Amino acid sequence: MAMKLALGPLLYFWPREQVEAFYRQVADWPVDIVYLGETVCAKRRELRLDDWLRIARQLREAGKEVVLSTLALIEAESELAGLRRIAHNGEFSIEANDMAAVQQLKGQAYIAGPHLNIYNPASLSLHHGLGATRWVMPVELSQQTLRQMQLNKPLSMQTEVFVFGRLPLAFSARCFTARACNLPKDHCQLRCGDYPDGLDMKTRDRDAFLVINGIQTQSATTCNLVSAIPALRELQTDVLRLSPQSQHMAEIVALFHQVLQNKLDPREAGSRINTLTCGSPANGYWHDSPGMQWLDSPSG
């Protein structure tokens, strides 16, 4: 079965008009699956659930499989109420990024998101028993770990791998962007909206280190595993996830698609994509090395 391309949920806080324009373009892109919804911060309310559902229906009409993603960190009863509405939307599949979402789904089929800490076959089997039909490999795992997981996963479980974008690393109850702007979290003024690809953090030597995105910490580098597609195919990966950035996304999607169609050499595609990333390229985790490294090897 051919690998599918998925566009992961938008991790940044963009204006409503920009979000709607972005997904109008996505309708024409060669992606099979689109994840929608807010996964980082419940205070980002430019789009409500009804807006996401409207966009989801438009993408479904364009032939896309649509999945609604949930928050990765639940902190309040109001957020649980919003989670319940997503879980019981009645139309679209759910990507659960917190065990609260799994509990709300009560045995319904779901996609186990990358924040559920599935690091071994036992946890994968647990989620399969709870209703998971696909899992997204945590971004810090290597190809060796993926090989072991593939050998031991339930037969009907699909596997999705994060292959492009700034890596979502951690979440905190604190808002890092508010703190950087000398604002309290409760009165953050939604300053994360000033940084469409996150706010760069540098070391004292002015080297790129991390990116802060509200309560989320990301890699300053951008993961690019397009040249690993032959290895991912050999490992029988079902879905490749690309995480949106504010610029050049259509071209990046097209390059991944050309590699999947065997119309472009993976290494050539990798070189071209590296010129389009909002951070320097990285593939270290895939090679069981420090994640921020870029290792130029035949397997990506």
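Okay, here's what the table says:
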item: Pair list, Cβ < 6 Å and 6+ apart or interchain, from region 52-81 residues that are within 17 Å of Pro30 (Cα to Cα) to residues that are of a type in the set (S, T, N, Q); result: Val67/Ser93
item: Region 19-34 - residue that is outside any loop (DSSP other than H, G, I, E, B) and in contact (Cβ under 8 Å) with a residue 60 or more places away in the chain and, of those, surrounded by the fewest Cβ atoms within 10 Å (Cβ to Cβ); result: Gln25
item: Qualifying residues in region 151-177 (those that are among the polar types (S, T, N, Q) and touching a residue at least 40 places away in the same chain (Cβ under 8 Å)) - the one farthest from Ala254 (Cα to Cα); result: Ser172
item: Among the residues listed as Ala72, Ala87, Ala42, Ala6, the single one being of a type in the set (A, V, I, L, M, F, W, C) and surrounded by fewer than 20 Cβ atoms within 10 Å (Cβ to Cβ); result: Ala42
item: Test for Arg134: is it under 22 Å from Val67 (Cα atoms), in contact (Cβ under 8 Å) with a residue 40 or more places away in the chain and basic (Lys, Arg); result: yes
item: Residues of region 130-158 satisfying the condition of being among the aliphatic types (A, V, I, L, M), assigned to a loop (DSSP other than H, G, I, E, B), under 18 Å from Ala109 (Cα atoms) and modelled with pLDDT of 95 or more; result: Met137, Met157
item: Residue count, region 128-142 (criterion: buried (at least 20 other Cβ atoms within 10 Å of the Cβ) and in contact with a Leu (Cβ under 7 Å, 6 or more places away or on another chain)); result: 3
item: Residue in region 254-276 that is surrounded by the fewest Cβ atoms within 10 Å (Cβ to Cβ), counting only those that are under 24 Å from Ala27 (Cα atoms) and charged (D, E, K, R); result: Lys263
item: Among the candidates Arg267, Arg272, residue that is without any contact (Cβ under 8 Å) to a residue 24 or more places away in the chain, over 25 Å from Thr177 (Cβ atoms), over 18 Å from the mean Cα position of the chain (by Cα) and in a helix (DSSP H, G or I); result: Arg272
item: Elements of type helices (runs of 4 or more DSSP H) contained in region 42-119, each with 3 or more residues being in contact with a strand residue (DSSP E or B) (Cβ under 7 Å, 6 or more places away or on another chain) and more than 20 Å from Ala170 (Cα to Cα); result: 49-61
item: Residue match in region 105-119 (condition: surrounded by fewer than 17 Cβ atoms within 10 Å (Cβ to Cβ) and modelled with pLDDT of 95 or more); result: yes
item: Candidates Ser227, Ser246, Ser219, filtered to the one that is small (Gly, Ala, Ser), more than 17 Å from Ser142 (Cβ to Cβ) and within 20 Å of the chain's Cα centre (by Cα); result: Ser246
item: Scope region 275-289; condition in a loop (DSSP other than H, G, I, E, B) and in contact (Cβ under 8 Å) with a residue 40 or more places away in the chain; matching residues; result: Thr277, Cys278, Gly279, Ser280, Asn283, Asp288
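The values are calculated or read from the model by the stated rules, or taken from the named source; none is laboratory data. As the structure is a prediction and not an experimental result, all values here were calculated from the model. Virtual Cβ from ideal backbone geometry, glycine too; neighbours counted across all protein chains shown.
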